[in-house]
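What follows is one structure encoded as C-alpha cells, with my remarks underneath.
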Amino acid sequence: MPSPVFRFAPSPNGYLHLGHAFSALLNFELARASGGRFLLRIEDIDATRCRPEFEAAIYQDLEWLGIGWEAPVRRQSEHLSDFREAMEELSGRGLIYPAFESRAEIARLVAERESAAKTGASWPRDPDGAPLYPGAAKSFSAPARRRLIEQDLPYALRLDMAAAMAQAPDLAWIEHGEGAGGETGLVAARPEAWGDVILARKETPTSYHLSVVIDDALQGVTDVVRGLDLFWSTSVHRLLQSLLGIPQPAYRHHRLVLDDTGQKLSKSTKATALRELRGQGATPADIRRLVGLP
Ligand code: GLU
C-alpha cells in the first residue's frame, strides 16, 4: 500500500485563524499517525485578494504551531496551464459556456424571476446560499457567443450541469467524517444543487472547484481533510474528477471552530487570528486547547 497523502490548502487572502490551526493540525497528525505524507498547498488563484504578506504569515504561523511540510510548496498561481488544459478538455466536450451577466445583473434577474413566480416561491439557492444561475447564456448560438466575447465584455465560464451529469451519472464519495445532516460512509453526490457552477473567468483560467480537484490529483492526495463548510462542494469535486478521469481521494469533513456567538470564524476578525493570539502571549499548547485538541 502506498502511504497516504494529506494536505492543508489555505488561501493567502488573510491571516490564519483558530479554524485553520485546527484543520492544519488535524491533517498533520493524521498523516503522522498513518505513516503518511503532509503537503502544504497555497491556493492563490485570486490575484485581487491574495497577498505575499499573508503567504509569508501562513509559513510562520504553521511553523510556530510545530507543523512541518514537504518542499517545494505547490502554489496554484504558478501552474495555471494545468487548469487551462482541463478547461479545454471540458470545453471540447461541449460542457462549458460563457455567461456575461455581472453579479448585479444576476441579482436583478433573480428578483425578476421571484416576483414573476405565481406561487411566491423563492429562486433556488446553492448550498452556500447563492442563487443558481438564472440567465439564458447556455442557449446562445456560437456566433452570438463570439460576438459578445469580441465586445470585450467580462464573462464567467460555466459548467452545463445537466450535460455534465449526463456524462457522469450516479456519483458518490467516501466520507470518513460526517456532514451536518450526519451523512457518512458512501455519500451520494448532488452536484445539481449547485446549478451551472463557474469553473473559470475571462481573467482567471480556473476557480476553487476546478483547481482543488486538479491539484489534489496532481499531488497524489489520498485523504482530503477539511472543514464541514466544504462538505457539499465535494459533489462538484466528484463530478469534475469523473469528467476528467482523475482519481478520487477519501474525504473527512471536520467540525468548524466557532466564535462566542456560534458563528464560523472569519479571516477578517482580528481576535481569533493566530498571529494576534501569539502576540498576546498564547503558546501552541493554548491554541490546541482553544480548538479542542488533546
Ligand atoms: N483553499 C480553501 C480554503 O482556504 C480550502 C480548500 C480545500 O481544503 O479543499 O478555504
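The values are calculated or read from the model by the stated rules, or taken from the named source; none is laboratory data. Predicted model, so just to flag it, every value in this text is computed and none were measured. Glycine also receives a Cβ, built like all others from the backbone with ideal geometry; neighbour counts cover every protein chain displayed.
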(message) Condition first: aliphatic (A, V, I, L, M), more than 13 Å from the ligand (Cβ to nearest atom) and over 17 Å from Q219 (Cα atoms). Now tell me which residues in region 22-47 satisfy that.
(response) L25, L30, A33, A47
(request) Tell me, yes or no, whether region 134-147 has at least one residue that is without any contact (Cβ under 8 Å) to a residue 40 or more places away in the chain, part of a loop (DSSP other than H, G, I, E, B) and within 17 Å of the chain's Cα centre (by Cα). (result) no
(message) Condition (residue is touching a Phe, Trp or Tyr at 6+ places or on another chain (Cβ under 6 Å) and either under 26 Å from L293 (Cβ atoms) or within 16 Å of the ligand (Cβ to nearest atom) (or both)) applied to region 78-94: is it met by at least one residue?
(response) no
(request) Can you tell me which residue within region 216-257, out of those that are in a strand (DSSP E or B) and aliphatic (A, V, I, L, M), is farthest from the ligand (Cβ to nearest atom)? (result) A250
(request) Filter region 220-275 for residues that are of a type in the set (S, T, Y) and modelled with pLDDT of 95 or more and give the result. (result) T222, S233, T234, S235, S242, Y251
(request) Scan P2, P72 and give me the residue that is modelled with pLDDT under 95 and away from the ligand (no atom under 16 Å from the Cβ). (result) P2
